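See structure below.
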Amino acid sequence: MLTLGLESSCDETSCAVVSAEGKILSNVVATQLEHSAYGGVIPELASRAHLQQFPDIVKRSLREAGIALEEVELIAVTHTPGLIGSLSVGVNLAKGIAAGLGIPLIGVNHVEAHIHAASLDREVDFPALGIAASGAHTAVFLLRSPLSFELIGKTRDDAIGETFDKVARFLGLPYPGGALIEQLAEQGDPYAFSFSSSNLTDHAFSFSGLKTAVLYAIKGKNSNHKTPLPQIPHQKRADLAASFQRAAFTTIVQKIPSIIKEFSCQTVLVGGGVANNRCFQDMLRHGSSVPVHFASPHLCCDNAAMIAVLGRKLFDLSGPSTEIVPCARYQWPLASFVH
Ligand code: KG4
Ligand code: ZN
């Protein structure tokens, strides 16, 4: 069964084709560059860009996979969580193709797909702890089996990737700034600034206090994001980046041993754009008593292959979705699926 995946939850327009055996035949991703001028994603612009880009992205994806649209047998589409206008573009396109071809359709949860991507092409022991670390999400899940996702904790305020993007902006770096902070941090001292990591008593996370501490360290006490960026020597910028990065990752990593123990987790699975960060990878591996697997780099940031692969497995388990309604917020449990 050839599966066509569609992803448009935020600012990546993506289409992928996955073979009957689960092999990724194509995974075309177009990142919307128009948001960089604003330092963050503008939802209305994102929806319009998805509308404009999808026809070409779908054609390219089919061409790279070497198949015709008529050969597709299942459509998998991100239906939650994300920007409602952006999700609607993908879901409506998916419904249109499915109706036109007379084939089934399945809705996929974007955050679950990020975590599931870390389990591909390897043996994973369950129960597993799933960590989603992306621009819009920071959440931990218990997976008692490969396709069962139980939300056990999430951020109370900003997501970790969002925090990286905001700190990058404070440092005068363009959006999205996560990878640029990592590069800058390589030249810095992670202990130069003593930023503290929040350590909430439950499984929740918080990054907004750290963000403000970094803002004050860069622009001075009681500054705000509009305060002009002062001239900062390169070494100090690198030290700020490295110290921020260490504190941000500590917020997550310090909670992992107790969660592993509480739920007897055998493995840790990590997905989302921030999972690309090597410092995060090292800290997680170091802080965990069980094997830690990361999604491979081309599957970390938003992409449709992770949607197609998970969608196909969910379809095999439970059949097609009866009705798909785009939903901006992460909902647990999802009414529409029994995984
Ligand atoms: O998973 P993703 O494409 O989007 C969401 O689902 O939200 O993740 C994008 C996020 C951005 O915030 C970006 O700055 C961050 O991932 N990111 C990184 C790195 N690469 C991407 N953050 C830290 N270090 C990186 N190497
Ligand atoms: Zn994502």
Summarise the accessible area of the stretch 136-204 (1.4 Å probe, protein heavy atoms) by the percent that is carbon and sulfur. 51 percent
For the stretch 125-166, give the magnitude of the charge dipole about the Cα centre (Cβ charges: +1 Lys/Arg, -1 Asp/Glu; no others), in debye to the nearest 20. 100 debye
If each DSSP helix of 4+ residues adds -39,500 (n - 2.57) and the sum is divided by the residues in the chain, what number results at 222 nm, nearest 500 deg cm²/dmol? -12500 deg cm²/dmol
In terms of solvent-accessible area of protein heavy atoms at a 1.4 angstrom probe, what is the ranking of Ser86, Ser206, highest value first? Ser206, Ser86
Sequence-separation-based contact order of the stretch 108-182, relative, with Cα cut under 8 Å and 6+ spacing, percent: 21 percent
Among Ser258, Cys300, Ala241, pick out the residue whose Cα is farthest towards the positive end of the charge dipole of the stretch 220-320, where Lys and Arg carry +1 and Asp and Glu carry -1 on C-beta, about the Cα centre. Ala241
Kindly sort Thr227, Thr31 by accessible area of their heavy atoms, largest first, with the probe set to 1.4 Å. Thr31, Thr227
Alpha carbon centroid spacing (whole Å) that separates the stretch 56-129 from the stretch 194-226: 36 Å
Leaving out ligands and nucleic acids, and using a 1.4 Å probe, what accessible area per residue does the chain come to in Å²? 43 Å²
What are the ³J(HN,Hα) couplings of the stretch 105-116, residue after residue, when phi is run through the Karplus curve with 6.51, -1.76, 1.60 and θ = phi - 60°? Round to Hz, x for glycine and proline. 9, 9, x, 10, 7, 4, 5, 5, 5, 4, 6, 4
Whole-percent carbon and sulfur contribution to the accessible surface of the stretch 1-131 (1.4 Å, no ligands, DNA or RNA) stands at 53 percent
Using a 1.4 Å probe on the protein heavy atoms only, what accessible surface does Arg156 show? Give it in Å² to the nearest 10. 150 Å²
Quote the accessible area belonging to Ile24 in square angstrom, nearest 10, computed with a 1.4 Å probe and with ligands, DNA and RNA left uncounted. 60 Å²
Reported to the nearest 10 Å², Leu310 has, with a 1.4 Å probe, an accessible area equal to 0 Å²
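The values are calculated or read from the model by the stated rules, or taken from the named source; none is laboratory data. Being a predicted model, the structure only gives us computed values, none of them experimental. Because the Cβ atoms are built from the backbone with ideal geometry, glycine has one as well, and the counts that use them run over all protein chains shown. Protein only, heavy atoms only, side chains kept; ligands, DNA and RNA dropped before computing areas. Shrake-Rupley method; radii C 1.70, N 1.55, O 1.52, S 1.80 Å.
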